[in-house]
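Here's the structure we're looking at; comments come further down.
The values are calculated or read from the model by the stated rules, or taken from the named source; none is laboratory data. The shown structure was predicted, so the numbers you read here are calculated from the model rather than taken from an experiment. For neighbour counting, all protein chains shown are included, and Cβ atoms are generated from backbone atoms with ideal geometry for every residue, glycine included.
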Amino acid sequence: MYLAPIVLFAYKRLEHTKSTINSLLLCDEAINSSIFIYSDAAKSKFDEIEVSNVRNYLKTVNGFKEVTIIYREVNFGLSANIIDALNQTFLHFNYAIILEDDIIVGPYFLKYMNLALSKYEHNNDVWHISGWNYPIINNDYKFNSYFLQVSNCWGWGTWSDRWKHFKKCPLELMNNCNKKNIDRFNIDKTNPNFWQQIKYNHFGKINTWAIFWYATIFEHNGLCLNPTMTHTVNIGNDGSGENCDNNDIYKSNYCNNFQPNFPIDLSIEQVYFEQIKKFYTKNKISLFTRIKNRIISNLKFSK
């Protein structure tokens with residue numbers, strides 16, 4: 001089986017970066033996988049020491065088939081860094097696994113990702129493979145992954161022929177989406193923060209990318225594969241990240257065993273979809289606080 005390249009984004013969080021890489025090395029597939037690490041340059045002089053510490057550590061990374069480090073000479077910021085890097089990656093590879101420096105993966109993450117990327121490579125209904133799952137459980141479900149239309153980007157993968165459709169055009173989305181589609185985009189109105197992110201990007205209050213990948217998938221009626229038990233945990237919700245605050249409502253339990261058992265039907269799994277709607281409804285206040293804090297943080301930085 002062809003193993004997908006791993007694309008990792010690092011900035012100034014040394015301990016987070018170490019944890020991410022160390023967790024990847026616990027996957028059996030790591031030794032035969034190539035990793036490309038994009039190290040963004042310091043945003044200001046106050047970040048230079050921390051960025052330098054991360055870069056010094058990256059020079060010591062081994063245990064993969066090949067380690068390639070791309071040092072940005074100027075600060076791209078997370079959104080531009082990811083978009084540019086994936087555009088470059090998919091000039092050379094058919095599919096890839098993408099991680100940020102605050103994602104710890106479980107021991108079966110690379111196995112799951114590579115099997116799924118290989119299985120659905122030629123099925124254009126599937127656009128996205130997520131390594132993370134919501135903190136929900138359905139003991140009656142017989143497969144160990146399911147389909148949604150919502151993409152989650154805490155350890156994920158996709159293919160070059162899907163990514164080429166990616167667009168970050170908030171005004172175009174705002175002009176073309178009607179209320180019915182906006183409600184669907186917001187998971188049947190249970191998470192209005194999704195559409196709010198589109199608007200906040202347009203007005204310059206935040207600068208993100210993942211919501212536009214979801215919008216691209218949504219526009220093309222694509223499907224996203226989620227594991228029933230998560231293969232990743234986001235440790236950046238400690239307030240250290242560029243677009244994260246201290247929030248553990250997304251905490252899930254790791255998958256402690258994995259055998260391929262992908263769903264047969266290429267359709268949204270309604271039982272999980274309803275559980276996710278309940279999750280967003282239950283945590284609506286926490287989610288509102290999360291995005292509000294992100295906006296406040298961005299406004300402070302812009303002053």
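Miscellaneous remarks
- Restricting attention to the range 170-187, the residues that are in a loop (DSSP other than H, G, I, E, B) and touching a residue at least 24 places away in the same chain (Cβ under 8 Å) total 1.
- The residues on offer are I249, I211, and the sole one that is modelled with pLDDT under 95 and either buried (at least 20 other Cβ atoms within 10 Å of the Cβ) or among the β-branched types (V, I, T) (or both) is I249.
Here is a yes/no grid of residues against (1) farther than 24 Å from F273 by Cβ; (2) free of Cβ contacts under 8 Å to residues at least 60 places away in the same chain:
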residue: L58; (1), (2): yes, yes
residue: F90; (1), (2): yes, no
residue: K111; (1), (2): yes, no
residue: N123; (1), (2): no, no
residue: I137; (1), (2): no, no
residue: F147; (1), (2): no, no
residue: N152; (1), (2): no, no
residue: W156; (1), (2): no, yes
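Results for (1) in contact with a strand residue (DSSP E or B) (Cβ under 8 Å, 6 or more places away or on another chain); (2) of a type in the set (S, T, N, Q), shown as yes or no for each residue.
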| residue | (1), (2) |
| --- | --- |
| K111 | no, no |
| N138 | no, yes |
| S160 | yes, yes |
| N175 | no, yes |
| N181 | no, yes |
| R184 | no, no |
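- Subset of the range 188-208 that is among the basic types (K, R) and either in contact (Cβ under 8 Å) with a residue 24 or more places away in the chain or over 22 Å from K284 (Cα atoms) (or both) - its residue that is surrounded by the fewest Cβ atoms within 10 Å (Cβ to Cβ): K199
- Extreme residue, nearest to the chain's Cα centre (by Cα), among residues of the range 119-149 that are in a loop (DSSP other than H, G, I, E, B) and closer than 14 Å to S267 by Cα: Q149
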